[in-house]
Amino acid sequence: MASSPPVTAKASPSSTWQQYYQLTKPRVVQLIVFCAIIGMALAIPGLPSGAQWGVILAATLGIWLVAAAAAAFNCLVEQQIDSKMKRTAWRATARGELSRVQTLSFSALLCGIGMAILWFLVNPLTMWLTFATFIGYAVIYTVILKPMTPQNIVIGGASGAMPPVLGWAALRGDVGPEAMLLCLIIFLWTPPHFWALALYRTEEYRKAGLPMLPVTHGAQYTRLQIFLYTWILLAATLLPFLTGMSGWIYLVSAVLLGLGFCAYAWKLWLEYSDELARATFRFSILHLSLLFAALLIDHYLLPWTT
Ligand code: HEM
Ligand SMILES: CC(C)=CCC/C(C)=C/CC/C(C)=C/COP(=O)(O)OP(=O)(O)O
């Protein structure tokens with residue numbers, strides 16, 4: 001049972017199924033799986049054939065299950081930390097409503113089924129890459145980097161950036177430069193995504209004893225880093241067009257979304273408010289979702305590229 005006083009701002013899910021489901025961080029994992037699906041779509045010219053639909057379905061399910069397992073494992077490791085922060089204190093693990101054995105079994109079951117699906121119905125490369133991603137997030141980020149360094153999410157973000165590579169590998173059986181480019185985009189997107197949230201949650205992270213950038217280096221330094229990252233991200237998002245991988249539909253979307261993100265970061269730099277930081281965080285999610293949707297639309301409407 002978590003020993004600290006209850007700090008939760010959100011009610012704990014009422015049914016046990018809901019409690020397990022929430023441990024999988026469903027909304028984050030949905031976007032992760034979406035990015036993997038875009039990786040799959042870009043790996044093949046035109047619409048998938050009958051057999052390819054089967055691989056797409058299996059890969060989507062397999063990646064989903066392993067990502068969900070990684071999220072649940074994170075909740076297991078961070079039981080004590082989660083119980084100290086308002087944002088996470090409602091989790092069943094933090095409240096001591098699901099035991100360590102239950103959570104570990106749940107995570108192992110999801111991971112095992114997901115890996116078996118990837119091994120038997122997709123290909124071994126995708127399974128190994130997905131497993132490496134699981135280790136990257138669940139162990140290297142969660143256990144080692146997160147409590148150790150403010151660069152935790154910069155290095156740990158590499159695992160969150162892997163989904164397009166996993167999707168590509170599922171359909172092509174290799175790791176193409178196009179997929180690596182999409183990986184680079186998510187990698188550069190992650191710091192401004194997370195630091196915007198860390199800015200308006202600084203006190204919670206301080207109390208939990210986590211060395212997030214605003215805790216260790218202050219808000220002003222973090223705002224500067226967010227600003228710089230959004231410009232580097234904007235430059236990186238031009239590369240799919242510049243390398244002939246995507247066409248003008250993607251280019252226009254990338255420029256508009258990128259400038260939007262830079263504008264949020266600029267305003268945040270000039271005059272900080274928690275509300276603006278929250279809006280920047282929300283925009284980051286819209287940014288990545290629409291950017292990847294644009295890649296897909298562009299791929300099907302301008303099929304002569306790639
Ligand atoms: C190590 C890298 C990452 C870190 C540290 C991180 C951190 C976070 C945190 C702490 C939240 C919770 C916000 C809340 O409770 O209100 C969040 C939300 C979210 N993140 Fe990330 N994130 C990372 C990578 C990613 C990636 C790779 C994606 C998708 C491709 C993603 C998509 C999302 C989404 C969709 C939400 C909103 C969840 C909701 O509204 O319930 N994140 N992120
Ligand atoms: C196999 C595969 C594709 C794995 C994907 C790994 C994965 C789930 C990455 C998402 C990153 C994530 C949930 C960060 C939340 O940060 P946090 O863990 O610091 O947030 P918290 O404070 O809410 O626990």
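Numbers at a glance
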| quantity | calculated |
| --- | --- |
| Residue that is under 22 Å from residue 41 (Cβ atoms), touching a residue at least 12 places away in the same chain (Cβ under 8 Å), within 15 Å of the chain's Cα centre (by Cα) and in a helix (DSSP H, G or I), where the choices are 130, 142, 126 | 130 |
| Residue selected from the stretch 61-87 under the condition closer than 29 Å to residue 167 by Cβ and more than 17 Å from the chain's Cα centre (by Cα), by the criterion surrounded by the fewest Cβ atoms within 10 Å (Cβ to Cβ) | 77 |
| Set 51, 71, 94: member being over 25 Å from residue 288 (Cβ atoms) and within 16 Å of ligand 1 (Cβ to nearest atom) | 94 |
| Members of the stretch 182-204 found to be aliphatic (A, V, I, L, M) and either free of Cβ contacts under 8 Å to residues at least 40 places away in the same chain or more than 15 Å from ligand 1 (Cβ to nearest atom) (or both), listed by number | 198 |
| Among the residues listed as 89, 43, 36, the single one being in the same structural domain as residue 160 (by TED's automatic domain parsing), hydrophobic (A, V, I, L, M, F, W, C), within 13 Å of ligand 1 (Cβ to nearest atom) and touching a Gly at 6+ places or on another chain (Cβ under 8 Å) | 36 |
| Residue match in the stretch 52-59 (condition: aliphatic (A, V, I, L, M), under 18 Å from the mean Cα position of the chain (by Cα) and either surrounded by 22 or more Cβ atoms within 10 Å (Cβ to Cβ) or under 21 Å from residue 28 (Cα atoms) (or both)) | yes |
| Scope the stretch 148-163; condition hydrophobic (A, V, I, L, M, F, W, C), near ligand 2 (Cβ under 9 Å from one of its atoms) and in a helix (DSSP H, G or I); matching residues | 153 |
| Flag for residue 257 being without any contact (Cβ under 8 Å) to a residue 60 or more places away in the chain, more than 14 Å from ligand 1 (Cβ to nearest atom) and part of a helix (DSSP H, G or I) | yes |
| Failed condition for residue 220, given (1) in a helix (DSSP H, G or I); (2) under 26 Å from residue 67 (Cα atoms) | (2) |
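Listed here are the residues, each with its yes/no results for (1) within 16 Å of ligand 2 (Cβ to nearest atom); (2) assigned to a helix (DSSP H, G or I); (3) surrounded by fewer than 23 Cβ atoms within 10 Å (Cβ to Cβ).
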{"position": "165", "(1), (2), (3)": "yes, yes, no"}
{"position": "174", "(1), (2), (3)": "no, no, yes"}
{"position": "181", "(1), (2), (3)": "no, yes, yes"}
{"position": "187", "(1), (2), (3)": "yes, yes, yes"}
{"position": "205", "(1), (2), (3)": "yes, yes, yes"}
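Per-residue answers, yes or no, for (1) of a type in the set (Val, Ile, Thr); (2) part of a loop (DSSP other than H, G, I, E, B):
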| residue | (1), (2) |
| --- | --- |
| 42 | no, no |
| 47 | no, yes |
| 53 | no, no |
| 66 | yes, no |
| 73 | no, no |
| 87 | no, yes |
| 90 | no, yes |
| 96 | no, yes |
| 101 | yes, no |
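The values are calculated or read from the model by the stated rules, or taken from the named source; none is laboratory data. All figures in this text were calculated on a predicted structure; none of them were measured in a lab. For neighbour counting, all protein chains shown are included, and Cβ atoms are generated from backbone atoms with ideal geometry for every residue, glycine included.
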